[in-house]
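Quick notes on the structure that follows.
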Amino acid sequence: MTRVLVVEDERDLQEVIGYNLRELGYDVVVSERGAPAAGLALEQRPDLVLLDLMLPDISGLEVCRSLKSNPATRGIPVVMVTAKSAEVDRVVGFELGADDYVVKPFSVRELLLRVQAVLRRSQPAQAAAPAAPLPTPAITFGRLRIDREAPNVQVDDEDVSLTALELRLLCTLYERRNRVQSRAVLLDDVWCVSGENATRTVDTHVKRLREKLGPAGAYIETIRGVGYRFVGAPPKQPP
C-alpha cells in the first residue's frame, strides 16, 4: 500500500487531506510538528511526503533539507504545501529538492492529482498497469546507462542515486540531445514553473546532477548566456 506522510499542524486540514488520501487507498501517517518528521520518514519509509512549510516548531524547509541530506530518505518525493506564494519561496523549495509546490488555499482535487502525478514519476514501475505498453528499453550512452522503468541510472556500471526531479531533468536533456535548452524552457518543462528570476534553480540542479554523474557529467554542456545541451554523441574513450 502506498504510504503518504502528511506534515501539517492545522487539524482541519489534516483531517481533510487524510480522509481523501485514504479514500484513494493510501496509508496515511500524520505529524503535526516538523522536528519528528524526518525520524518518522526514516521509520515509516513513506512513498511521498506532503510538507507544510509554516510549522509550529521548525520550518518545513529545514525538514526538507534534512530529508534530502540523508541517503536513506533522499529519494522520497516531497510536495510542499504552503501559503507562501512568492516566486522566491518556490525557487528555494525546488533548490532544496522539492518535487512539487502547492499554494494554499488549494482545491483538494488539485492536490490529489499532483500527489498522483509525483508518485507516477517516482514509481513508474509500480504505476504501470498490466495492459500498459512494453517498457522502453534502458538507454546506453557512452559511460551512462538510464533505465527509466526501474528507475535506475548507472555510470561505468556503478549505481547513481538521483532524486525523481534530477532523473526528470537528465531524461529531458537526453531526449533533446544536441539541442540547446534555455533555462526558461527547462523550468517550464521539468519544474512546471516560469519566471526569469527562477533560473538559478536550474543552474543549481544541473551542477548537482553533473557532480553525481561524475565522468558522465561532461555530457551536459553549458552554452554560455543561453542554457544547456546534452551532447549529440558520447566522446570516444581512449583504448
Quiz item: Where Lys and Arg each count +1 and Asp and Glu each count -1, what net charge lies around Arg143 among other residues with Cβ under 13 Å from its Cβ?
Solution: -1
Quiz item: Any idea what the dipole of the chain comes to, in debye rounded to 20, about its Cα centre with Lys/Arg Cβ at +1 and Asp/Glu Cβ at -1?
Solution: 980 debye
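Could you tell me the relative contact order of region 1-102? Use alpha-carbon pairs under 8 Å, at least six residues apart, and round to a whole percent.
Relative contact order here is 26 percent.
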Practice problem: Take the Cβ-Cβ distance between Thr140 and Asp188 as r, set R0 to 25 Å, and report the resulting FRET efficiency rounded to the nearest 0.05. | Solution: 0.30
Practice problem: For the chain, with a Gaussian network of springs between Cα atoms less than 10 Å apart, report the residue from Tyr19, Tyr228, Tyr101 with the top mean-square fluctuation. | Solution: Tyr19
Quiz item: How big is the antiparallel share of DSSP beta bridges in the chain, given as a percent to the nearest 5?
Solution: 50 percent
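Cβ under 11 Å from Ile223's Cβ, Ile223 left aside: what net charge do those residues give with Lys, Arg +1 and Asp, Glu -1?
Numbers: positive: Arg179, Arg183, Arg224, Arg229; negative: Glu221.
Local charge sum for Ile223: +3.
For the chain, return all DSSP H helices satisfying: extent of Cα atoms along own axis at least 15 Å; mean Kyte-Doolittle hydropathy at least -1.0. Write down the numbers at each step before the final one.
Details: long enough: 11-23 (18 Å, -0.92); 108-122 (21 Å, 0.25); 164-175 (16 Å, 0.82); 200-213 (20 Å, -1.21).
Flagged H segments are 11-23, 108-122, 164-175.
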Quiz item: Near Pro77, within a Cβ-to-Cβ distance under 14 Å, what is the net charge of the other residues, with Lys and Arg +1 and Asp and Glu -1?
Solution: +4
Quiz item: Considering the chain as a Gaussian network with a 10 Å cut-off on Cα pairs, which listed residue, Gly25, Gly60, Gly225, attains the greatest mean-square fluctuation?
Solution: Gly225
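Accessible area per residue of the chain at 1.4 Å probe, in Å²?
Numbers: 12180 Å² over 239 residues.
On a per-residue basis, the chain sits at 51 Å².
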Quiz item: For the chain, which whole percent of the accessible surface, found with a 1.4 angstrom probe, sits on carbon and sulfur atoms?
Solution: 49 percent
Quiz prompt | Of Pro46, Pro71, Pro151, the one that fluctuates the most in a GNM where the chain has Cα springs shorter than 10 Å | solution = Pro71
Quiz item: If you count the DSSP beta bridges with both ends in region 138-217, what percent of them are antiparallel, to the nearest 5?
Solution: 100 percent
Practice problem: Taking the Cα centre of region 52-114 as origin, sum charge times position over the Cβ atoms of Lys and Arg (+1) and Asp and Glu (-1), and report the length of that vector in debye to the nearest 20. | Solution: 120 debye
Quiz item: Given the chain, what count of lysine pairs have C-alpha atoms under 28 Å apart, with each pair 8 or more places apart or on different chains?
Solution: 8
Quiz prompt | Relative contact order [Cα under 8 Å, 6+ residues apart], the chain, whole percent | solution = 13 percent
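The values are calculated or read from the model by the stated rules, or taken from the named source; none is laboratory data. Not measured: the values here are computed from a predicted model. Here Cβ is always computed from backbone atoms with ideal geometry, including for glycine, and neighbour counts include all displayed protein chains. Accessible surface areas use protein heavy atoms only, side chains included; no ligands, DNA or RNA. Shrake-Rupley method; radii C 1.70, N 1.55, O 1.52, S 1.80 Å.
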